[in-house]
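Report on one structure; see the data block that follows.
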Amino acid sequence: MIGMLSILAVLLLTLSPGIAPDSTAQTKDDTLVYALQSDIDTWDPPNSVLREAIILGYNVFDHLAVRDLKTRKVVPHLATSWKALDDTTWEVKLRQGVKFHDGSPFTARDVKASFDRVLDPTKKMTARGNHAKIKSVEIVDDYTVRFHTDGPYPLFVERLTALVMASDKVIREKGHEWMQEHPIGTGPYKLLKWDRKQEHLLVRNDDYWGPKPAFKYVRIRIIPEQATQIAELLSGGVDIIKAVPPDQMDVISKSGQARVSVSPILRTAMLQLDQAARGGPNPFTDRRIRQAANLSTDMDGIIKHVLNGLGDRTATAINPMAFGWDPSVKPYKQDIGDAKKLLAEAGYPNGIDIVFNEGPPVVEPGLRQTDEAIAADLTKAGFRVKQNYIGDNTVVVARIKEGKQGPMFDFSWGYYSVFDADAILYDIFKCGETYSYYCNPALDDLIIQGRSTLDQKKRTEVYAKAQRLLFDDAAYVYKWGLRGVWGLSNRINYEAPPDEVDRMFLVTPRQK
Amino acid sequence: MKGYALRQLVQLAVVVVGISMLAFAILHVIGDPVLLLLPQNAGREEYERYHKLLGLDRPLYVQYWKFASQAVRGDFGKSWYTDTPAFGLVLQRMPPTIYLTLAGLGVALLIALPLGILAALKRHSAVDNFCTLIAVAGQAMPIFWLGIMLIILFAVRLHVLPASGYGTWQQFLMPAFTLGAFLAPLTMRLVRSGVIEVMNMEYIKTARAKGVDERMVVAKHAFRNACIPVITVLGIQFGQLLGGAIITETVFAWPGVATLTVDSIRNQDFPVVQCAVVLLALVIVVVNFAVDMVVGLIDPRIRVSA
């Protein structure tokens, strides 16, 4: 047995040099460490559905347009300007003197190649649906491109922030599979190495056309367990973590090592009601019962007491940060008396039985606790709520898509980072859409009007009408806009970004 | 011995094929991977296009046959998420998990052997009671909790070890101990009862009667015989240890195959899950085979009767 032990010991000793640490020359002072809960699947952002892939992509690639975090408006980036020549043609001028990481210049050919690649229906590219309104891309000269769209496409400019510019040469010569692991962009950082499920190391692109990042290196560490992430932040192993649970905020701020940074994010939460009767006849096809549900809940109190203020009340599902939001529509206020009256009018003077399908807190912090509070409020008004918790988000999403999650269930929508009312109205409220449990031809008409014109003033008016309608008809039970909580080490200057895209090139070291 | 080994090998093959079929069937039952592969706002047309691209529109037996015929050639297909070969992905993540389980096993033995023998020799003494206490505590402690407690103590409070990560020997200590602590109690109890049983045997009396030094009696005569059930159970426990590795890897951000498998199941990345399940099954089956062979070597009765 002693022999066996020594064999084991020798085995371990001989194995350990094989897992020698990274031998890169970076020091702690010039390295920023960023934690992710799970690794990205690919370094080819348009081939991924993960937000993490979009975030990392932002640091290595550039987009034609980006969001200015202060004004939240879309501003030129690799494009220098754009204008609509007519309802279906956009002309975009490109920045000159920009180079890819492999040294080749960025021109109109790369723009066309990037779009053609994602639009090709024979290729397996997950982002295709987001750009399918673009029919073709035409090169006018080296630094001018024209986009031809299928009908008016008011989201054109918004969507320019959603596709990374890859190199035509790389697409042609290296190909799809190579691109999954080797990002060649024009961005402020370059990928040095990637140890899957472990870490990424980025190095500053010293030839970057824009302002140079302060940190020379960025290490992106994959740390699945939230408690471990917090421990790393507090022991100085990591500089930025995300999705801090509300009950851990104090632990971080009182540590002296780190602080929290809170920002409203573009995601609205609600309880969807099966008004469209996708799962068969149910009480919520009656407007009075939907209104009663909205009137029975005290969302402001829940935000304040259950969520520690981490939410922004919304009158409908339109997020205050989205284009088209109408501040004149005010949210429902709790009124148990009115709610009971409406239930009685609808034929339920003695209350009504309701199934509430609850999901796990994957994107919504404190979801289970707020669900309890909401169920308790509903009960007060006469809804006899049967809470049905489904702990596996995969199952929840599948049930929602198949129309089986009604009559009432947890839902939230992140707009796919498109700051526009259309990005939620179309997917969540239009008749027959995968996630919509609401169907109202009058609303459909407004949704179509809103997406068929480039006139922003007219669109604002259309969306104001839509919000009034959604409020009066109480399509779903409206909750709040979410807030994201970041944990930041005290050695850096940084703020939580409202679009949830962490830009490592904006982080600077704090003066000691 | 040869016939015995051969029979074991045939059983191995049957087990691996059976497991691959089971994994295939379960994956297809738990849901539709295309729902997860596409963005939430993808329309029906995109959905159908993807179904075709992945070959999910074909009958199940055709899909399994395609998988199996390629798998025997070492081709497990490409991951649907990363568009890179699944085999490479899994193989790349294998070493960290193997190191972790070996280190865990080492720690478990380092704790269990001395304590188990000591407890057996000093039966019903304070030492024995203390060892029982440790065993009960160790058994009752969830891996997850122990891991976090170690991190809080050694990384956050004392600043002597990195909280998580993989690569240096410091980063090895806490995960190895966590996993070892999970296996140690059971092993210790086994060693204890094994040694107690053996110490009552006639041949121990004989050895003592011959005037053999007591230390030699324990080390040579008693321990070797007490080892047999321990080795057998450790072989069986190896699968459990891999299960424990999933949690340990998660807590300590360890880039192993266990977390890769769990992530891939969550993403319904069929090719990667298939590949990982088959390879892990192979590892477990081979370990059990090796244990059987070792026990056969130590204990001639087994290979003769078999």
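Things to note:
- Within region A:377-397, considering residues that are exposed (fewer than 14 other Cβ atoms within 10 Å of the Cβ) and more than 30 Å from the chain's Cα centre (by Cα), the one farthest from B:Ile265 (Cα to Cα): A:Arg384
- Qualifying position, being closer than 25 Å to A:Thr434 by Cα, of a type in the set (Ser, Thr, Tyr) and in contact with a strand residue (DSSP E or B) (Cβ under 9 Å, 6 or more places away or on another chain), among A:Thr316, A:Thr370, A:Thr379: A:Thr316
- Those residues of region B:209-232 which are surrounded by fewer than 16 Cβ atoms within 10 Å (Cβ to Cβ) and either assigned to a helix (DSSP H, G or I) or in contact (Cβ under 8 Å) with a residue 24 or more places away in the chain (or both), in sequence order: B:Ala209, B:Glu214, B:Arg215, B:Met216, B:Ala219, B:Lys220, B:Arg224, B:Pro229
- Extreme residue, farthest from B:Val107 (Cα to Cα), among residues of region B:239-277 that are surrounded by fewer than 21 Cβ atoms within 10 Å (Cβ to Cβ) and among the hydrophobic types (A, V, I, L, M, F, W, C): B:Ile265
- Being under 21 Å from the mean Cα position of the chain (by Cα), crowded, with 23+ Cβ neighbours inside 10 Å and either aliphatic (A, V, I, L, M) or modelled with pLDDT of 90 or more (or both) holds for only one residue in B:Met94, B:Met174, and it is B:Met174.
- Any hit, region B:142-150, residues being away from chain A (no Cβ under 12 Å), over 19 Å from B:Val257 (Cβ atoms) and surrounded by fewer than 15 Cβ atoms within 10 Å (Cβ to Cβ): yes
- Test: residue in region B:74-82 that is part of a helix (DSSP H, G or I), hydrophobic (A, V, I, L, M, F, W, C), surrounded by 15 or more Cβ atoms within 10 Å (Cβ to Cβ) and in contact with a helix residue (DSSP H, G or I) (Cβ under 8 Å, 6 or more places away or on another chain): no
- On the stretch given as region B:240-270, residues that are under 24 Å from B:Leu12 (Cα atoms) and in contact with a Lys or Arg (Cβ under 6 Å, 6 or more places away or on another chain) total 1.
- Tally, over region B:166-201, of residues that are free of Cβ contacts under 8 Å to residues at least 40 places away in the same chain and within 30 Å of A:Ser255 (Cβ to Cβ): 5
- Candidate set from region A:222-245 (those that are small (Gly, Ala, Ser) and under 22 Å from A:Gly366 (Cα atoms)); member that is farthest from the chain's Cα centre (by Cα): A:Ala231
- Restricting region B:111-128 to residues that are within 12 Å of another protein chain (Cβ to nearest Cβ), of a type outside the set (Gly, Ala, Ser) and crowded, with 17+ Cβ neighbours inside 10 Å, the residue that is nearest to B:Pro271 (Cα to Cα): B:Leu113
- Residue within region A:448-463 that is buried (at least 22 other Cβ atoms within 10 Å of the Cβ) and touching a Gly at 6+ places or on another chain (Cβ under 7 Å) present: yes
- Exactly one residue out of B:Tyr99, B:Tyr47 is within 10 Å of chain A (Cβ to nearest Cβ), hydroxyl-bearing (Ser, Thr, Tyr) and more than 24 Å from B:Leu234 (Cβ to Cβ): that is B:Tyr47.
- Identity of the residue in region A:103-129, acidic (Asp, Glu) and out of contact with any helix residue (DSSP H, G or I) (no Cβ under 7 Å at 6 or more places or on another chain), that ends up modelled with the highest pLDDT: A:Asp116
- Restricting region B:22-54 to residues that are free of Cβ contacts under 8 Å to residues at least 60 places away in the same chain and aromatic (Phe, Trp, Tyr), the residue that is nearest to A:Thr122 (Cα to Cα): B:Tyr50
- Restricted to helices (runs of 4 or more DSSP H) entirely inside region A:213-329, those with at least 3 residues that are away from chain B (no Cβ under 14 Å) and of a type in the set (S, T, N, Q) are A:287-296.
- The single residue among A:Asp207, A:Asp286 that is acidic (Asp, Glu), buried (at least 17 other Cβ atoms within 10 Å of the Cβ) and over 26 Å from the mean Cα position of the chain (by Cα) turns out to be A:Asp286.
- Within region B:1-26, the set of residues being in a helix (DSSP H, G or I) and either in contact with a Ser or Thr (Cβ under 6 Å, 6 or more places away or on another chain) or modelled with pLDDT under 80 (or both) comprises B:Lys2, B:Gly3, B:Tyr4, B:Ala5, B:Gln8.
- The set of residues from region B:183-194 being surrounded by fewer than 24 Cβ atoms within 10 Å (Cβ to Cβ) and among the hydrophobic types (A, V, I, L, M, F, W, C) comprises B:Leu186, B:Leu190.
- Test result for B:Val10, surrounded by 15 or more Cβ atoms within 10 Å (Cβ to Cβ), more than 10 Å from chain A (Cβ to nearest Cβ) and within 25 Å of the chain's Cα centre (by Cα): no
- Qualifying residue in region B:276-285 (condition: in contact (Cβ under 8 Å) with a residue 12 or more places away in the chain, assigned to a helix (DSSP H, G or I) and within 14 Å of chain A (Cβ to nearest Cβ)): yes
- Sub-7 Å Cβ pairs linking a first residue in region B:136-165 that is under 25 Å from B:Thr187 (Cβ atoms) to a second residue that is among the aromatic types (Phe, Trp, Tyr) and in a loop (DSSP other than H, G, I, E, B), at least 6 apart or interchain, are B:Gly147/B:Phe252, ordered by first then second residue.
- In region A:38-66, the qualifying residues are those that are over 17 Å from the mean Cα position of the chain (by Cα), part of a loop (DSSP other than H, G, I, E, B) and of a type outside the set (Phe, Trp, Tyr), and the one that is farthest from B:Thr261 (Cα to Cα) is A:Leu64.
- Within region B:177-200, considering residues that are under 18 Å from the mean Cα position of the chain (by Cα) and within 13 Å of chain A (Cβ to nearest Cβ), the one farthest from B:Ala103 (Cα to Cα): B:Thr187
- The listed residues are A:Ala84, A:Ala113, and the only one of them that is among the small types (Gly, Ala, Ser), touching a Lys or Arg at 6+ places or on another chain (Cβ under 8 Å) and not in a loop (DSSP other than H, G, I, E, B) turns out to be A:Ala113.
- Test: residue in region A:204-211 that is touching a residue at least 24 places away in the same chain (Cβ under 8 Å), in contact with a Lys or Arg (Cβ under 7 Å, 6 or more places away or on another chain) and within 30 Å of A:Asp338 (Cβ to Cβ): no
- If the condition is being surrounded by 16 or more Cβ atoms within 10 Å (Cβ to Cβ), of a type in the set (A, V, I, L, M) and in a loop (DSSP other than H, G, I, E, B), then region A:352-373 contributes only A:Val363.
The values are calculated or read from the model by the stated rules, or taken from the named source; none is laboratory data. Values in this document were obtained by computation on a predicted structure and should not be read as measured data. Every residue, glycine as well, gets a Cβ built from its backbone with ideal geometry; the counts of neighbours run over all protein chains shown.
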